[in-house]
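This report concerns only the one structure given below.
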Amino acid sequence: LKGLVSHYLLKFFPKGSLKFLPAHFDFVEPGMEVTLTVAGRSLEVMGCGMIHPQVLHNVGIDPKVYQGLAFGFGVDRLVSLLTGLKDIRSLYSTDLRFLKQSMA
């Protein structure tokens, strides 16, 4: 899981560094939060973990035979790091001046 997440994020942010911290999510064990640092800016960008064996069992999958992983990226957070956007809430703005500007 850590290898997959690292590979994916560092493809987009080759000069970035990652930090994995333990976290609790109801359906995974263990769970982790991932913080990405790019150009001196750090931001938690996702949560991830190995699917809890009971979750697999509940949907008819034998957890002794199969494992799974789960992860969810905060796309708005990745955009923030890619573009240097200071406040993620701007992405949800109704201000047409902001929405019409180029982020390139």
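Observations on the model:
- Filter result for residue 90 (among the hydroxyl-bearing types (Ser, Thr, Tyr), under 16 Å from the mean Cα position of the chain (by Cα) and at pLDDT below 95): no
- A residue that is surrounded by 15 or more Cβ atoms within 10 Å (Cβ to Cβ) and in contact with a Lys or Arg (Cβ under 9 Å, 6 or more places away or on another chain) occurs nowhere in the range 66-75.
- Test result for residue 44, touching a Gly at 6+ places or on another chain (Cβ under 7 Å), in contact (Cβ under 8 Å) with a residue 12 or more places away in the chain, part of a strand (DSSP E or B) and open to solvent by 70 Å² or more (accessible area, probe 1.4 Å): no
- Looking only at the range 1-41, and only at residues there that are of a type in the set (A, V, I, L, M) and outside any strand (DSSP E or B), the one that is farthest from residue 70 (Cα to Cα): 39
The values are calculated or read from the model by the stated rules, or taken from the named source; none is laboratory data. Computed from a predicted structure; not experimentally measured. In this analysis, Cβ positions are derived from the backbone assuming ideal geometry, glycine residues included, and neighbour counts consider all displayed protein chains. These accessible areas exclude ligands, DNA and RNA; they are computed on the full protein's heavy atoms, side chains included. Shrake-Rupley method; radii C 1.70, N 1.55, O 1.52, S 1.80 Å.
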